[in-house]
């Protein structure tokens with residue numbers, strides 16, 4: 001992934017996980033609190049607290065309890081994400097946790113090379129406290145940001161039939177064949193079409209893998225200005241006027257398949273139960289991205305028949 005003179009970074013942009021709860025936990029969370037703030041029930045524990053979203057005058061939380069998780073780091077308390085605890089036939093003693101986007105870019109610590117680690121590890125502390133165990137990743141989105149224009153490089157490679165064979169979803173695409181599983185989306189003003197499209201790649205099912213490649217700097221400026229500050233702090237680049245992003249989305253089965261593949265080279269990553277520990281490692285994120293992008297698109301050099309990933313363009 002190293003390209004001379006190009007800034008790049010990897011991050012987790014979205015994460016929702018399914019968890020297994022001990023039998024007593026749902027009733028404990030339903031009954032206990034330490035205080036109320038107005039009509040809102042709050043349960044304060046050791047270095048974290050839960051803010052329950054149902055007010056005390058609303059109906060009983062018989063089958064589902066939702067709560068915002070606030071945890072503490074050296075700068076104080078912040079919102080890590082939201083729990084949904086279930087006591088239903090389908091989700092008996094199971095919970096789902098969705099991370100707040102800003103928490104995924106909150107810098108928890110720095111590696112020896114200055115790259116940041118996020119706050120996913122804070123959930124592990126809460127899980128251990130309550131005896132909760134990881135079940136699966138419902139949705140995982142990993143992003144690769146760089147100053148290199150991958151939109152232009154990928155579209156040019158797709159069109160370059162003299163140099164590359166094209167494979168989408170593992171299938172060779174002929175020159176005159178419609179590209180199934182690929183699309184280009186352009187935004188526009190009334191009088192002008194924007195030059196840079198967003199590239200979309202997907203498998204057939206909506207619950208399968210997806211990827212988009214786009215101009216992130218433009219998106220932050222025009223649609224997500226509230227995210228700019230913490231994403232720029234995470235990147236820590238001298239110049240953030242150019243940010244192009246490759247964003248890959250996995251669901252439960254996709255994560256299991258990817259881990260099985262990348263663990264052929266790294267046996268220490270083989271335990272699916274360790275996913276929440278692994279996703280804090282930059283090397284693991286890079287391995288997931290390389291495997292994920294290849295499942296959606298790759299090329300072969302016509303002369304040498306050498307496989308070429310989008311990161312090698």
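Where a number appears in this text, it was derived from the coordinates with a stated rule and is not lab data. Being a predicted model, the structure only gives us computed values, none of them experimental. All Cβ positions, even for glycine, are placed from backbone atoms using ideal geometry, and neighbour counts span all protein chains on display.
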Cβ-derived FRET efficiency at R0 35 Å, residue 283 paired with residue 228, nearest 0.05: 0.80
When the Cα atoms of region 115-256 are enclosed in a convex hull and the volume is divided per residue, what value in Å³ results? 176 Å³
Estimated FRET transfer efficiency (residue 112, residue 219; beta-carbon r; R0 51 Å; 0.05): 0.95
Per 0.36 nm of contour for each residue apart, how much would the distance between residue 91 and residue 34 grow if the chain were fully extended, relative to their Cα-Cα spacing? 17.8 nm
Among [x] -0.54, -0.69, -0.89, -1.21; [y] -0.44, -0.57, -0.80, -1.31; [z] -0.33, -0.54, -0.91, -1.37, only one was calculated for this model; which label is it, if the read-out is log10 I(q)/I(0) by the Debye sum over Cα atoms at q = 0.07, 0.09, 0.12, 0.16 Å⁻¹? [z]
I want to check the label-to-label distance for residue 312 and residue 252. Put each point 7 Å from Cα in the C-beta direction and report it in nm to one decimal. 3.5 nm
Per 0.36 nm of contour for each residue apart, how much would the distance between residue 172 and residue 184 grow if the chain were fully extended, relative to their Cα-Cα spacing? 2.4 nm
Can you pull the percent of Cα pairs in region 128-173 with separation above 11 Å? 79 percent
For the pair residue 193 and residue 239, what calculated FRET efficiency results from E = 1/(1 + (r/R0)^6), where r is the Cβ-Cβ distance and R0 = 22 Å, to the nearest 0.05? 0.25
Given springs between every Cα pair under 10 Å in a Gaussian network model of the chain, which of 94, 210, 221 has the largest fluctuation? 221
Fewest-first sequence of 62, 198 by Cβ atoms within 10 Å of each Cβ: 62, 198
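Taking the Kirkwood radius as the inverse of the mean 1/r across Cα pairs, report the Rg/Rh of region 22-131.
On the way: Rg = 15.2 Å, Rh = 15.0 Å.
Result for region 22-131 is an Rg/Rh of 1.01.
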